[in-house]
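> Have a look at the structure that comes next, please.
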Amino acid sequence: MKTMPDQQAIPVVLGSGANAYGLVRSLYDAGLRSVVADEHRGPAFFSRLVAGRWLMPPLAQESRVAKALATRLANLGGQAFVIPTNEPWLHILNNSRSELGPNLCLPIAAPEVVDLALRKSAMHRWCSRHGVVQPDTMVFEPGQNWGDFLARAVQWVPVIIKPDTKGLGDQALGFSTAEFHGAQALRQWGGGWHPQGPPCTILAQRFLHGPQVQLSAWQGYRSPNGSLFMVGMSKLRSRPPRLGGCGAAWSYGAGRAGQQAAVDMLQALGYSGFFDLEFLVRSSQEPPVFIELNPRPGMPNYAATSMGLNLPWLALSHCRDQGPPITRIVTNRPGHWVDLCADPLLALTGNVAGGRRWTPGQWLRSLRPGPLVFAHFNWQDPLVFLTAGVRLAALGFQFAVEKSRASKSTSQHRDRPGKPTAWGGLKLRIKGFLDQAGTIGPAKMSFAVALNSFWRKYYFFQQDLQGPFVEPVPIRGLTWRRVQAQDAPLLAEINPAVSDYSVEQRLAKGQIGWLFFLEHKPVHFRWEATGTVFVYALGIPMALGPGDVSHVGGYTKREYRRMGISTFSRALLLAKARDRGYRRMIVGTRWWNRPSLRGCKEKSGLQPIGAAILWQLGPIRKLRTTGELALNHRGELYLKES
């Protein structure tokens, strides 16, 4: 890790959640105001303790983020002390160290150690080689036998399933961690994937049972010269048979066995930088079980400051070559760290480890003895707590809606997804509107919606598959497969307006869907159809001629647009359609969708064939066509030469 000259450094905290706010508070206690940078305005953005706020591009666009961050740091006017608070930020920093400029100090581990810690499968292999005790673990890699993996995992029930890269690979799997307490539930989940299994590396770990199982964590910083500062804590609501627990409340204390295991592991790794190291402690006679190493500050990092170790200040001192060359470990102090927004709800509703429902009195007594340190609550900084509460309420409402939708779709009275109700359809339309508004802007989108109430225009393009066309240019890390019925949640991640029913209907009509992943994250889908296709934007069908195929319903996740994914998918499917014997492809797009129009005309080189214009006033509808489009006697659109 590079050291700084003896001058004032400006702390830059990457992230805006509880982790970031803990660092902001610690640095403020040391007399320093931080700059907060993130892709969205989280609670820390509203803190009066910060010196500046940088709104960055979506973290999924790594090159854009690195370039924007390098520009900001260059304009900072001094040395920068940059601390990442989550895995996406850590991944970007680790891959862009040389691009961020010379006036920079990164208090994180060496690149190869960060890569090792970010990938659970690699960390599992390292632990196996070095004799570190860990839960029984199986690793599934794409291309392996998925059925055999599931059969072995069923024998371990209860079992926990994790993606290989925490915070980076959750989207492809659909969750960050899932627990299965029964063989039937595990088989049902596993059977929902393609026979080849998930498109990403995953781990299955056996639960550990026992009356004294406790999860302890060590928050700390280790300097390049070996000075170690860390505090030990335990998850307050961790109960068997869960492997983990509720991370919204911690008590200040951890056993000596876990302390020695943490020291030994950091030394074996040659570790330097911030860390959040977790072990499962069963009894004094058994060795601690390694759970995970996060190469960044953990969520309750401000607890270390309240226990006498201001970790970001110590790290900054060592970056300036002024830190004390000592080791200090603090644990078994009275006190608790609590997320006052989340912990009461989780405890009182039973959504904690073991499923135990706490009474208000039990919850209050569990936080004794004090003092209490809160994740967001600070009398001197009220907006942070208010913002965190509002965000939690919004997430809770979204979770309740999704849970209600899932329970209805899996009802015993209905084996197949039902058609959304009028209210459900309206909510899907609103979600689609908000997503599109994020692309073309709310003003333009509102104008388009208002105009659509009485006037609509739809452009059509074609491509002769027997002649030359734009060949697909490979995009690194992009993979694809056909859409299955169980992929509806993945499609909804890309386009929030997608429902289980719409996917079921498309498949029932014989349409073929293609789902595209970038680094195992679902980013784009496209449907192709033959025969008669319903043009939803106009409310009329379109009859395709023999040898015609149409691309319908193409959509790219907002943060992955302008990367050429849609152009590649269209070119790829054109080549596939040609190989299957089709002679022409037809595609349509709305008048206001400028990115799609530009992609059709400029990037894919498609030829315009006309437009359909709809005027409507209540029950009165008038459709006019231009170019090669026309209406037949059944009221269907068709191409005149077809």
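> On the basis of being farther than 30 Å from Asp164 by Cα and either modelled with pLDDT under 85 or surrounded by 21 or more Cβ atoms within 10 Å (Cβ to Cβ) (or both), does Ser596 make the cut?
yes
> Continuing with the same structure: Return only the number of the condition from (1) of a type in the set (D, E, K, R); (2) within 23 Å of Tyr560 (Cα to Cα); (3) modelled with pLDDT of 85 or more that Glu471 does not satisfy.
Among (1) of a type in the set (D, E, K, R); (2) within 23 Å of Tyr560 (Cα to Cα); (3) modelled with pLDDT of 85 or more, the lone unmet condition for Glu471 is (3).
> Let me spell it out: the conditions are (1) modelled with pLDDT under 90; (2) of a type in the set (Lys, Arg); (3) open to solvent by 10 Å² or more (accessible area, probe 1.4 Å), and Arg237 meets all of them except one. Which number is the exception?
Single failed check for Arg237: (3).
> Since Phe534 meets every condition but one in (1) out of contact with any Pro (no Cβ under 6 Å at 6 or more places or on another chain); (2) within 29 Å of Leu631 (Cα to Cα), which condition does it not meet?
Among (1) out of contact with any Pro (no Cβ under 6 Å at 6 or more places or on another chain); (2) within 29 Å of Leu631 (Cα to Cα), Phe534 violates only (1).
> If you check every pair at least six apart or on different chains, which have Cβ atoms under 8 Å apart with a residue in segment 316-332 that is in contact (Cβ under 8 Å) with a residue 12 or more places away in the chain and among the hydrophobic types (A, V, I, L, M, F, W, C) first and a residue that is buried (at least 17 other Cβ atoms within 10 Å of the Cβ) and in a loop (DSSP other than H, G, I, E, B) second?
If the second residue must be buried (at least 17 other Cβ atoms within 10 Å of the Cβ) and in a loop (DSSP other than H, G, I, E, B), the pairs left are Leu316/Leu32; Leu316/Pro107; Cys319/Met4; Cys319/Pro107; Ile326/Ser227; Val330/Met307; Val330/Leu309.
> Now a separate question. Looking for something touching a Pro at 6+ places or on another chain (Cβ under 7 Å), modelled with pLDDT under 80 and open to solvent by 20 Å² or more (accessible area, probe 1.4 Å) - is there at least one such residue anywhere in segment 357-364?
yes
> Continuing with the same structure: Give the residues of segment 514-550 that are among the acidic types (Asp, Glu) and either in a strand (DSSP E or B) or free of Cβ contacts under 8 Å to residues at least 24 places away in the same chain (or both), sorted by residue number.
Matches in segment 514-550: Glu528, Asp548.
> Mind telling me which of the residues Gly610, Gly627 ends up being modelled with pLDDT of 85 or more and under 42 Å from the mean Cα position of the chain (by Cα)?
So the residue among Gly610, Gly627 that is modelled with pLDDT of 85 or more and under 42 Å from the mean Cα position of the chain (by Cα) is Gly610.
> Of everything in segment 483-513, what is aliphatic (A, V, I, L, M) and either in contact with a His (Cβ under 8 Å, 6 or more places away or on another chain) or in a helix (DSSP H, G or I) (or both)? Give them in sequence order.
Of everything in segment 483-513, those that are aliphatic (A, V, I, L, M) and either in contact with a His (Cβ under 8 Å, 6 or more places away or on another chain) or in a helix (DSSP H, G or I) (or both) turn out to be Ala485, Ala488, Leu490, Leu491, Ala492, Ile494, Val503, Leu507, Ala508.
> Given the criteria in contact with a strand residue (DSSP E or B) (Cβ under 6 Å, 6 or more places away or on another chain), within 22 Å of Ile512 (Cα to Cα) and surrounded by 19 or more Cβ atoms within 10 Å (Cβ to Cβ), does Ser604 qualify?
Spelling it out, it is not the case that Ser604 is in contact with a strand residue (DSSP E or B) (Cβ under 6 Å, 6 or more places away or on another chain), within 22 Å of Ile512 (Cα to Cα) and surrounded by 19 or more Cβ atoms within 10 Å (Cβ to Cβ).
> Just name the residue that is modelled with the highest pLDDT out of those in segment 168-188 that are outside any strand (DSSP E or B) and buried (at least 19 other Cβ atoms within 10 Å of the Cβ).
Here the residue is Leu186.
> Would you confirm, using the coordinates I've provided, whether Arg584 is crowded, with 16+ Cβ neighbours inside 10 Å and closer than 16 Å to Gly627 by Cβ?
So Arg584 passes the test.
> Please tell me if Gly131 is over 30 Å from Arg320 (Cα atoms), more than 19 Å from the chain's Cα centre (by Cα), in contact (Cβ under 8 Å) with a residue 40 or more places away in the chain and open to solvent by 30 Å² or more (accessible area, probe 1.4 Å). Walk me through how you get there before you give the answer.
Details: over 30 Å from Arg320 (Cα atoms): yes; more than 19 Å from the chain's Cα centre (by Cα): yes; in contact (Cβ under 8 Å) with a residue 40 or more places away in the chain: no; open to solvent by 30 Å² or more (accessible area, probe 1.4 Å): yes.
Here the answer is no, as Gly131 does not meet what is asked.
> If you go through segment 43-53 one residue at a time, how many are surrounded by fewer than 20 Cβ atoms within 10 Å (Cβ to Cβ) and either in contact (Cβ under 8 Å) with a residue 40 or more places away in the chain or touching a Cys at 6+ places or on another chain (Cβ under 6 Å) (or both)?
At the first step, the residues of segment 43-53 found to be surrounded by fewer than 20 Cβ atoms within 10 Å (Cβ to Cβ) are 48-49, 51-53.
Narrowing the set further to residues that are either in contact (Cβ under 8 Å) with a residue 40 or more places away in the chain or touching a Cys at 6+ places or on another chain (Cβ under 6 Å) (or both) leaves 48-49, 51.
Selection size over segment 43-53: 3.
> While we're on this one: Mind checking which residues of segment 107-125 are out of contact with any Leu (no Cβ under 6 Å at 6 or more places or on another chain) and open to solvent by 20 Å² or more (accessible area, probe 1.4 Å)?
Ala110, Pro111, Glu112, Asp115, Leu116, Arg119, His124, Arg125, listed by residue number.
> To continue, here is another question. Got a sec? Which of Leu345, Leu340 is surrounded by fewer than 22 Cβ atoms within 10 Å (Cβ to Cβ), assigned to a helix (DSSP H, G or I), under 28 Å from the mean Cα position of the chain (by Cα) and at pLDDT below 90?
On the way: Leu340 fails: assigned to a helix (DSSP H, G or I).
After ruling out the rest, the residue left standing is Leu345.
> Taking the options Ala485, Ala497, name whichever one is closer than 30 Å to Ile620 by Cα and either open to solvent by less than 30 Å² (accessible area, probe 1.4 Å) or of a type in the set (A, V, I, L, M) (or both).
That would be Ala497, the only listed residue that is closer than 30 Å to Ile620 by Cα and either open to solvent by less than 30 Å² (accessible area, probe 1.4 Å) or of a type in the set (A, V, I, L, M) (or both).
> Do any residues in segment 622-637 that are among the basic types (Lys, Arg) have Cβ atoms under 9 Å from those of residues that are exposed (fewer than 15 other Cβ atoms within 10 Å of the Cβ), where the two are at least six apart or on different chains, and which pairs are they?
Every condition considered, the pairs that remain are Lys622/Trp615; Arg624/Trp615.
> Got a number for residues in segment 548-566 being of a type in the set (Val, Ile, Thr) and under 21 Å from the mean Cα position of the chain (by Cα)?
Number satisfying all stated conditions: 2.
> If you check Glu628, Glu559, Glu641, Glu636, which single one turns out to be open to solvent by 40 Å² or more (accessible area, probe 1.4 Å) and under 23 Å from Ser502 (Cβ atoms)?
Glu559
> Here is a further query. With the structure loaded, tell me whether Lys557 is of a type in the set (D, E, K, R), modelled with pLDDT of 85 or more and touching a Phe, Trp or Tyr at 6+ places or on another chain (Cβ under 9 Å) or whether it fails that test.
Judged against the criteria, Lys557 is not a match.
> Specify the residue that is nearest to the chain's Cα centre (by Cα); the eligible residues are those in segment 278-308 that are open to solvent by 40 Å² or more (accessible area, probe 1.4 Å) and modelled with pLDDT of 90 or more.
Ser306
Every residue, every condition in (1) under 19 Å from Asp381 (Cβ atoms); (2) open to solvent by less than 10 Å² (accessible area, probe 1.4 Å), yes or no:
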position: Asn19; (1), (2): yes, no
position: Tyr28; (1), (2): yes, no
position: Leu55; (1), (2): no, no
position: Glu62; (1), (2): no, no
position: Pro88; (1), (2): no, no
position: Leu93; (1), (2): no, yes
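> A follow-up question, please. Scan segment 463-497 residue by residue and report those that are touching a strand residue (DSSP E or B) at 6+ places or on another chain (Cβ under 8 Å) and among the β-branched types (Val, Ile, Thr).
Ile475, Thr479, Val483, Ile494
> Here's something else I'd like to know. Determine, yes or no, whether Val65 is of a type in the set (A, V, I, L, M), touching a helix residue (DSSP H, G or I) at 6+ places or on another chain (Cβ under 9 Å) and closer than 22 Å to Trp313 by Cβ.
So Val65 does not fit the description; no.
The values are calculated or read from the model by the stated rules, or taken from the named source; none is laboratory data. For clarity, every value in this text was computed on a predicted model and none was experimentally measured. Backbone-built Cβ (ideal geometry, glycine too); neighbour counts: all protein chains shown. Ligands, DNA and RNA are excluded from the accessible area calculation, which covers all protein heavy atoms including side chains. Shrake-Rupley method; radii C 1.70, N 1.55, O 1.52, S 1.80 Å.
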